[in-house]
Amino acid sequence: MSSFASSTSGVTRMSSVTRLFALLLLLGCTSGQQITNNDVQQQQQLDILSPPTPASPTTQAERQFRVMYEWNVLDFAFATEDERSRALYSGRYIPKNVLISDCKPHTNRLYLTIPRMLPGVPATLGYVVRPENNGRTDPEIVPYPSWEMNERGNCSALQFVQGIAVDKHGIMWVVDSGRTETLSRGADHVVCPPKLLLLDLKRNGTVLLRYQFPKSVVPPGNNYLNKVVVDDAYGGFAYITDNSGADPGIVVFSRRLVRSWKVRENNSMRAARNSVRFAVNGTELNFSIHIDSIALGPYYNPNLESDDGHDPLLGSQNYERNVYYCPLSSHHIYSLPASLLRDPEFNARATPRDILEAVIDYGEKSSQTDGMIMDNQGVLYYGLLGEHAIARWDTYKPFTPKNQQIVARDPTFIQWVDSMGFDHEGYLYVTINRLHNFVAGRLNPLEVNFRILRGKTAGLSYVETPDNLFNSDAKYLYGDGSGTGESFVDNGLRFQSYEGTTPASSRLASAGIFGSAGRSSSAAAGPGAIGSIALLSLLVFVVSTIGLAG
């Protein structure tokens, strides 16, 4: 009896242990599934941060740059032939004095800037129809938004537009320096206040904002506002190069604050003495031109590891955009953190040394550069004037000669790369304008002087970035922090959980990137890992209890 009872008790204990092990195994599998789900969720969050790419893959033939447009001289879409004749007779239109500078594609149009460097330029902003919808390779330029908005001498209209940018909402940021005939002498020059216009391309160029720069930032008649990039952070910023001889720098405009300021740095933003002399297609030049080209880098570097080597999203400064720039008369490329440029208080109190310490000098390139642009994958495309070439550099890699790749070179078709622009399919458009001959008065109307080239890339425009902490309007607090302040009014704007140029790792927690307030060492293990530890502890406890009971 005793032996039977003992045997029965042992079987009962074993059955209990078996059931407990089965239960714990089931809970462990559920916990493991939770870990897997957490990993999938985190990967999805990382995928959201990845910038979009062109919908169709790029073939080898598409990567080759081809001529989309070419002109001997530029013509405009006058209403009638009589009007064109009157413009020619009166000197309002002088074909040999017309030059294209910037190009930005959007939907089925290619928008062009025509700066009034010489007399006889009837419009300073216009467009042509995209090549897929137009059989002509030398189309007439249609003034944009209208002839009236391009009236010379009307300070409410556009006077001298050289740089434009189109953001991802279809809004064109137009920079007007306000002064005309910059290459000619004489008293018959227009001097209007410099301004910035925001035009809604979806509504036929409706003016959304007209901003006049204060004299302390951009003085009328003594500026040369050139190229512009737009940043969607905190309601929208524009970074504009001013390569005036007297006061070069980067002009910053905040759309939400409706306010502008200027960032100056003499070492990196002024012409280098050893780069003022160079030759383009046999034409010797002596240009002392200050900061000219500008490009905006991406938010997020997926290749960067954090301090502990694990999570790239939380890496120090991994969520910071850089603004790349260079003087035309220079062989170097530099950058400044976008957060520094966006901070008016810092720039008001900063010493020249403070700015200099934030500048990064990436090193030398083989020639001078006028046009450059960044895609949303972190690849910088730029022209090399003396090389008659277009180059690219993956900014996630060192700026070494090996990583500076020539993607196109031709001494006939690539004479002075002035600007670039991306379309929604990943095509890169490049403006070639023989500026070296134009300035010297050597344009031959019997030759092709202006070209638009196009080649397919693996990226889109730098403006095509994922939504995040910096460009989310939900992160704004106004006035007393109640969020009831008026939009676009400087009423004490404060940025939630943002401290200027502090490391990004201290800001991402407050952004709620992973849906939590932060990550400690225990939290980093995840709820699944904590559950597994608890189950293991429970298993040890149960086994010990059964052993003691036996």
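The values are calculated or read from the model by the stated rules, or taken from the named source; none is laboratory data. This structure is a prediction, so every number in the text was calculated from the model and none was measured. All Cβ positions, even for glycine, are placed from backbone atoms using ideal geometry, and neighbour counts span all protein chains on display. The protein model used for the area step is the full one, side chains on, heavy atoms only, and it has no ligands, DNA or RNA in it. Shrake-Rupley method; radii C 1.70, N 1.55, O 1.52, S 1.80 Å.
A few comments on the model shown:
- The reciprocal of the average 1/r between distinct C-alpha atoms defines the Kirkwood hydrodynamic radius, which for segment 97-178 equals 13.0 Å.
- Scanning residues 5 or more positions from VAL121 or on other chains, those with amide H under 5 Å from its amide H are ILE94, with H placed 1.01 Å from N in the peptide plane.
- Nonpolar atom fraction for segment 67-456, defined as the carbon and sulfur part of the 1.4 Å probe accessible area, stands at 48 percent.
- From phi via Karplus (6.51, -1.76, 1.60), per-residue ³J(HN,Hα) for segment 337-351 in Hz, x at Gly/Pro: x, 4, 5, 5, 5, 6, 9, x, 5, 4, 5, 6, 9, 5, 8
- Pairwise Cα distances in segment 163-282 exceed 16 Å in 65 percent of cases.
- Net +/- balance of residues flanking LEU328 in space, Cβ distance below 12 Å, scoring K and R +1, D and E -1: -1
- The Rg/Rh ratio of segment 108-234, with Rg taken over Cα atoms and Rh as the Kirkwood radius over Cα pairs, comes to 0.97.
- Normalised per residue, the volume of the convex hull around the Cα set of segment 67-456 (Å³): 143
- Neighbourhood net charge (14 Å Cβ-Cβ; Lys/Arg +1, Asp/Glu -1) for VAL191: +2
- Set of lysines near LYS104 by C-alpha distance (under 18 Å), chain-local residues within fewer than 8 positions excluded: LYS168, LYS202, LYS227, LYS456
- Net charge contributed by nearby residues that have their C-beta within less than 15 Å of THR457 (K/R +1, D/E -1): -1
- Heavy-atom accessible area, probed at 1.4 angstrom with all protein chains present, ranks HIS424, HIS436, HIS332 as HIS424, HIS332, HIS436, highest first.
- Accessible area of segment 67-456 divided out per residue, in Å², using a probe of 1.4 angstrom: 38
- Highest to lowest packing among 452-464, 84-96, scored as the average C-beta count within 10 Å: 452-464, 84-96
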